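Where a number appears in this text, it was derived from the coordinates with a stated rule and is not lab data. Small disclaimer: the values here were computed from a predicted structure and weren't measured. We place every Cβ from the backbone using ideal geometry, glycine too, and count neighbours over all the protein chains shown.
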């Protein structure tokens, strides 16, 4: 590890922290229905959408009505995207002449982009037409991100309101998230990417002559616009197969820095939005502090592991000073690749600028574990916030048990109903991840897809289901996942990770919204202090460790100790 590397990492986190307060306060104004600086331009557009759809922005929904609206919206989105992908050959803007996708791949891809997972069992430049990219995938990049933010706002209102029967209006929240947050930010970031050299064209490809005189076909397309919402919405799906390791999706160090900043900024700022809306910005900072403590620790472990290099190669005389450069872009180096690895998995983004299959064993363990913790560091836009609130509820319950008092969080008593629903939510991930991994580790048709034997092969399978259930989308690239088994089972894991998790969370929100908000007393456990931050971090680590440590011990940990012993599979 080098001072220069740490300075680059420190610069990124500083830029994020500078932006989270103004952006978080701005988003609070948007979702509280207050006028902002974009309202004169976008206000009439918003009202026009409501008139066309027959939505009354003043009509609110119960938790059940809100959840049903979200599920219906998601089902219609799945059907429309599936139709686009299957009928791709007959639709416009297909300069490459691509055929429609096979049913299982179209199903997997539609579920993937619907759930903000953006898992890709295909190469974008050889599979997707421009129409599919823009009218299909990019639309869902906006809408799946907006849906996550809307759900987070509904949960936030449960703590902000007292004795309430409603949590807002799903259609209004999705519209405002798209119009006032993701659309303007995406325009600005896309323009910046174009200035940095990212292609933005409707041309399908261009032929180039190499130095040896051979002809090479280079894929092109509307990449900058896709890249902006891919990062801002923590979507992660690459226009090209190499994702953010490709020079067209990540042309230079400045684009790389902007990509990482874009991944983090909205998800991190939503904690401030939460704090502002519940009446305590300090509470937002406490949640953000817990997120960043674990995330920075993950960055440090990955950076240390990758900078140390492979001792097996050092033993045969290779200079270890460059670290482990396998699968990395030398344009970014070990430091910024390690930062990207931890942040894309601490979030539910899944974009990659280095191949995770080539990470050192401990370097590969960290992103896997960050996903398994529930994608709360800071997680996907919206989904990370409500996931962290579930952990906060569990933490105050633990604190209440220790001091013998009824647990409270932000003036709302946490009782048996909320705890049962919270446990139902947090058990969804291990059920999907460990269940499907165990079956796949035994089935010959599943084992045929791994590129490595032994613990690394298990890691490839475990990472895939962790990524799917965690709605992340990154992968250990050694797994060949475009098979009926993986396409279907990974889709089921994605659905469980998104909808199986959020419906119990919305039920918690509905229950808490109906409770009277009480004032803090001498016996109230404060939830905006360093002590609570430490408790929250401990609960997250203990839950993650208890659930996933045995599986991790059989995969990356075994591989690490075998490597130290000089053994390989």
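Just a few scattered comments:
- Seen through its C-alpha gyration tensor, with square-root eigenvalues sorted a ≥ b ≥ c, the range 323-463 comes out oblate because a/c lies at 1.5 or above while a/b is not bigger than b/c.
- Taking only the Cα atoms of the range 1-153, the radius of gyration and Dmax are 19.9, 58 Å.
- Per-q log10 I(q)/I(0), the chain, q = 0.05 Å⁻¹ (Debye; single scatterer per alpha-carbon; no solvent): -0.19
- Panel note: the C-alpha atoms of the range 63-149, placed on their principal axes, show extents of 45, 22, 18 Å (largest first).
- Cα-based shape type of the range 489-532, given that a ≥ b ≥ c are square roots of the gyration tensor eigenvalues and the cut on a/c is 1.5: oblate
- Highest-first packing order for the peptide set 364-373, 547-556 is 364-373, 547-556, based on the mean count of other beta carbon atoms within 10 Å.
- Structural size metrics of the range 155-281, computed from C-alpha coordinates, are Rg and Dmax of 19.7, 74 Å.
- Using the Cα coordinates of the range 353-411, the gyration tensor eigenvalues translate into equivalent-ellipsoid semi-axes of 33, 14, 5 Å, sorted from longest to shortest.
- Efficiency of FRET between residue 216 and residue 541 - r from beta-carbon atoms, R0 41 angstrom, step 0.05: 0.25
- Full extension of the chain between residue 451 and residue 56 yields a length gain of 136.8 nm, computed as 0.36 nm times the residue separation minus the alpha carbon distance.
- Pair residue 282, residue 32: separation of 7 Å Cα→Cβ label points (nm): 1.8 nm
- Across all directions, the average projected area of the convex hull around the alpha carbons of the range 178-226 is 4.1 nm².
- Full extension of the chain between residue 431 and residue 253 yields a length gain of 60.1 nm, computed as 0.36 nm times the residue separation minus the alpha carbon distance.
- The orientation-averaged projection of the convex hull spanning the C-alpha atoms of the range 415-561 amounts to 11.0 square nanometres.
- Equivalent ellipsoid semi-axes, the range 156-208, via Cα gyration tensor eigenvalues times 5, rooted, Å: 42, 12, 8
- Cα gyration tensor category, rounded, prolate or oblate, for the range 448-491 with a/c compared to 1.5: oblate
- For the range 127-220, pairs of C-alpha atoms spaced more than 19 angstrom apart make up 62 percent of the total.
- A P(r) calculated from all alpha carbon pairs of the range 1-83, with 5 Å bins opening at zero, reads 3, 10, 10, 13, 15, 14, 11, 9, 6, 5, 2, 1 percent.
- Cubic angstrom per residue, convex hull over Cα atoms of the range 403-453: 150 Å³
- Over the range 271-350: Kirkwood hydrodynamic radius from C-alpha pairwise inverse distances, Å: 14.6 Å
- Taken as Cα centroids, the range 481-496 and the range 295-339 sit 32 Å apart, rounded to the nearest whole angstrom.
- Remark: 119, 285 ranked as 285, 119, counting other beta-carbon atoms within 10 Å and listing the fewest first.
- Calculated on alpha-carbon atoms, Rg and Dmax of the range 132-172 in Å: 13.9, 46
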